[in-house]
1. I need a count of the residues in segment 208-252 that are small (Gly, Ala, Ser) and surrounded by fewer than 20 Cβ atoms within 10 Å (Cβ to Cβ).
2. Output the number of residues of segment 475-497 satisfying the condition of being more than 13 Å from Thr435 (Cα to Cα) and modelled with pLDDT of 95 or more.
3. Would a scan of segment 180-187 turn up a residue that is hydrophobic (A, V, I, L, M, F, W, C) and assigned to a loop (DSSP other than H, G, I, E, B)?
4. Residues of segment 367-380 being within 13 Å of the ligand (Cβ to nearest atom) and over 15 Å from Asn113 (Cβ atoms), which ones?
5. State yes or no: is Ala276 farther than 19 Å from Ile145 by Cβ and either part of a loop (DSSP other than H, G, I, E, B) or touching a helix residue (DSSP H, G or I) at 6+ places or on another chain (Cβ under 9 Å) (or both)?
6. Would you confirm whether or not segment 155-165 contains a residue that is over 30 Å from Asp72 (Cα atoms) and over 23 Å from the mean Cα position of the chain (by Cα)?
7. Can you tell me how many residues within segment 334-357 are without any contact (Cβ under 8 Å) to a residue 60 or more places away in the chain, of a type in the set (S, T, N, Q) and crowded, with 23+ Cβ neighbours inside 10 Å?
8. From the set of residues in segment 238-268 that are in a helix (DSSP H, G or I) and hydrophobic (A, V, I, L, M, F, W, C), which is nearest to Phe199 (Cα to Cα)?
Amino acid sequence: MLMNDYIKRSDMISCLLCKDAPCSNACEKCNPSDVLRSIWFDNQDVASLKLPIDNPCRDCDGGCEKACVAKDKVRIKNIMNILYDEVRPVTEIALPTDENRLKCDMCGVPLENPFILASSVIASTYDMCARAFEAGWAGISFKTICSLDIHEASPRFSAIKGADGSIIGFKNIEQLSDHSVAENMHIFRELKKNYPTKFILASIMGKDEAEWESLAKECEDNGADAIELNFSCPNMMEGGLGSDIGQVPELVEKFTRAAKRSTTIPVLAKLTPNVATMSPAAEAAFRGGADGIAAINTIKSVIGVSPYTFVSAPAVKGKSALGGYSGNAVKPIALRFIAELGQNKTINGLHISGMGGIETWRDSLEFILLGAGSIQVATAVMQYGYRIIDDLKAGLNYYLTQMGIASVKDIVGAGLESISSTTDVLERDTILFPTFDTNKCNGCGRCVISCDDGGHQAIKFENRIPKLDGRKCVGCHLCRLVCPENAISQSKKRIGL
Ligand SMILES: Cc1cc2nc3c(=O)[nH]c(=O)nc-3n(C[C@H](O)[C@H](O)[C@H](O)COP(=O)(O)O)c2cc1C
C-alpha cells in the first residue's frame with residue numbers, strides 16, 4: 001500500500017508553479033499546472049486520477065510546453081504520459097468522493113479538516129482570511145493581536161534555498177499584528193458573519209495579567225472559537241514578552257490562568273522551541289487550565305552572514321538580530337517537540353495543534369501520527385500560496401481511504417509508541433546490509449566515497465560497480481542516503497552477532 005512516486009520533484013525542477021499558469025491556459029483538455037503542483041506536493045496518485053479518462057496528451061501538439069515560461073521548459077507531455085501509463089494503472093483506489101474522513105475538531109469545536117493557517121502575515125486581514133477560507137482551509141490562527149505599538153523593520157525576512165530555488169529554511173524578525181485591537185475585532189465579526197462554519201483561533205499577547213484576561217474576553221465576544229496564547233514569539237522588541245514568557249513555566253501558568261478566567265471558549269498555549277524540553281511549560285499551561293498546546297513557534301537563529309559586509313541577514317542598515325527560523329528545515333525539531341508533548345502523560349488529553357515546516361500532506365501526517373489533532377501552516381503558504389490546501393486535503397484524504405482509516409482522528413498519536421527519548425532501548429544485534437540495484441546504479445561511485453571517508457570502507461568499486469564487503473559493513477546506510485539514483489535498498493540481515 002504505497003502512494004506512487006514515479007515522478008520526482010527533480011524531474012520537473014524547472015517548473016515555476018506559476019500564477020495563472022500559461023501551460024493550463026494553453027490547454028483545453030486538462031489542467032497541467034494543477035497536475036504539476038500535485039506532483040510537487042507529493043500527490044501523484046491523485047494527480048493521475050484527476051486527468052481525463054482518455055489521454056488527450058499523447059497526440060496533442062504540446063501547446064502547454066510551448067507556453068511554459070521556464071527557461072528550461074518543463075517536459076509536461078512526458079510527465080502526463082508517465083501519469084497515464086505508469087501511475088494510474090497501479091493506483092489502488094478511486095478518488096474519494098467526499099472529505100468526511102478529514103473532519104475533526106479542536107478541543108471539541110468542529111473543524112471541516114485539520115488544516116488551519118498559522119498565526120502570521122498570511123492570516124492578518126479580512127481579505128486574506130476570506131480567501132483562505134474560500135480556498136478550503138478549515139480555519140485561521142489570526143496574526144497575534146496586542147495593544148503594543150508595532151513598527152516593523154525592513155527587510156524582515158531571509159531564507160536558505162535549495163537547488164531548485166525553493167525555500168528550505170526561513171528567518172523572520174517580524175513581531176505582531178500592527179492593526180489596533182478594535183480593527184482586528186471588526187475583522188473577527190465580519191469573518192464570523194460571512195463564514196460561520198470556519199474556525200477562528202485568536203492569537204493574543206498581553207503585557208500583563210489584566211491584559212491577557214481582557215484580550216481573551218474581547219476575542220470571544222467578537223466571534224473567536226478559541227484563543228491561542230502567544231508565549232513564544234522570539235522577535236519582541238521589549239523584554240519579558242513572547243518566548244521570554246514561554247521559557248518560564250510560572251509565567252505560562254499565571255497568564256494561562258488569567259486568559260481562562262475571562263473566557264468560556266478553549267484556550268491553547270502556543271509554546272516556544274527555544275528550550276531544552278517543552279514539558280515544563282506545557283505542564284504549567286495545563287495547571288493554568290489550558291485546553292490545548294500549539295507548537296512550535298519559530299526557532300531563534302542567525303543566517304546568511306555576508307562575506308563582504310560581515311552582517312547577517314536580513315540586514316537593516318548594517319545591523320541584524322536573532323530571528324525566528326521556520327519552514328521545512330525545522331520539521332524534525334518540531335516533530336521532536338510534538339512527540340514529547342504526545343508522550344507526556346501529565347498533559348494527556350490536551351489537544352495538540354502541530355506546526356513547523358509542514359508543506360505536504362505527508363508532513364502533516366507525521367505530525368498527526370505523533371499526536372497532533374490539528375495542523376497549522378505558515379511558511380509554506382507564504383512561499384506557495386493558499387492553494388496548497390488542495391493537495392494537503394486531497395493527499396491526506398486519499399491516504400486515509402487507501403489505508404481503510406475511517407477518520408483522521410483514529411490515527412492521532414498512532415506513531416508515538418515507536419519513539420524513545422533515549423537510544424538505550426534499541427536492539428543492537430542485527431545488521432541490515434545495503435543491496436545495490438545494478439539496473440538503477442549509474443556507476444557514479446558516490447556511495448564508495450562516502451563509505452571510504454564517512455563510513456567503514458566496506459564498498460569496493462570495480463569497473464564502476466559497487467560491491468559490498470560484508471565483513472566490514474556495519475549497516476549504517478550512509479551509502480543509501482547519498483545515492484543520487486535511489487539504487488540502494490536495505491535487505492539482507494545478519495542476526496545475532
Ligand atoms: C513571517 C512570520 C510571522 C509570524 N508571526 C507570528 C505571530 O504573529 N504569532 C505567532 O504565534 N506566530 C507567528 N509566527 C510563527 C508561525 O505561526 C509558526 O509557528 C512557525 O512559523 C512555524 O510554522 P511554519 O514552519 O509552517 O512556518 C510567524 C512566522 C512567520 C514566518
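1. 5
2. So the count comes out to 1.
3. Looking only at segment 180-187, we keep the residues that are hydrophobic (A, V, I, L, M, F, W, C), and these are 181-182, 185, 187.
Within this subset, residues satisfying the condition of being assigned to a loop (DSSP other than H, G, I, E, B) are none.
Within segment 180-187, not a single residue is hydrophobic (A, V, I, L, M, F, W, C) and assigned to a loop (DSSP other than H, G, I, E, B).
4. Ala378, Thr379, Ala380
5. Values: farther than 19 Å from Ile145 by Cβ: yes; either part of a loop (DSSP other than H, G, I, E, B) or touching a helix residue (DSSP H, G or I) at 6+ places or on another chain (Cβ under 9 Å) (or both): yes.
Yes; evaluated as a whole, the condition is true for this residue.
6. Initial filter on segment 155-165 (over 30 Å from Asp72 (Cα atoms)): 155-156.
Now narrow it down to the ones that are over 23 Å from the mean Cα position of the chain (by Cα): 155.
The answer is yes; a qualifying residue exists.
7. Adding up the residues that qualify gives 0.
8. At the first step, the residues of segment 238-268 found to be in a helix (DSSP H, G or I) are 243-246, 249-262.
Add one more test, that the residue is hydrophobic (A, V, I, L, M, F, W, C), and what stays is 245, 251-252, 255, 258-259.
Numbers: Ile245: 26, Leu251: 28, Val252: 25, Phe255: 23, Ala258: 23, Ala259: 19 Å.
Filtering first and then ranking leaves Ala259.
The values are calculated or read from the model by the stated rules, or taken from the named source; none is laboratory data. Keep in mind that what you see is a predicted model, and the values were worked out from it rather than measured. Note that we place each Cβ from the backbone using ideal geometry, even for glycine, and neighbour counts take in every protein chain shown.
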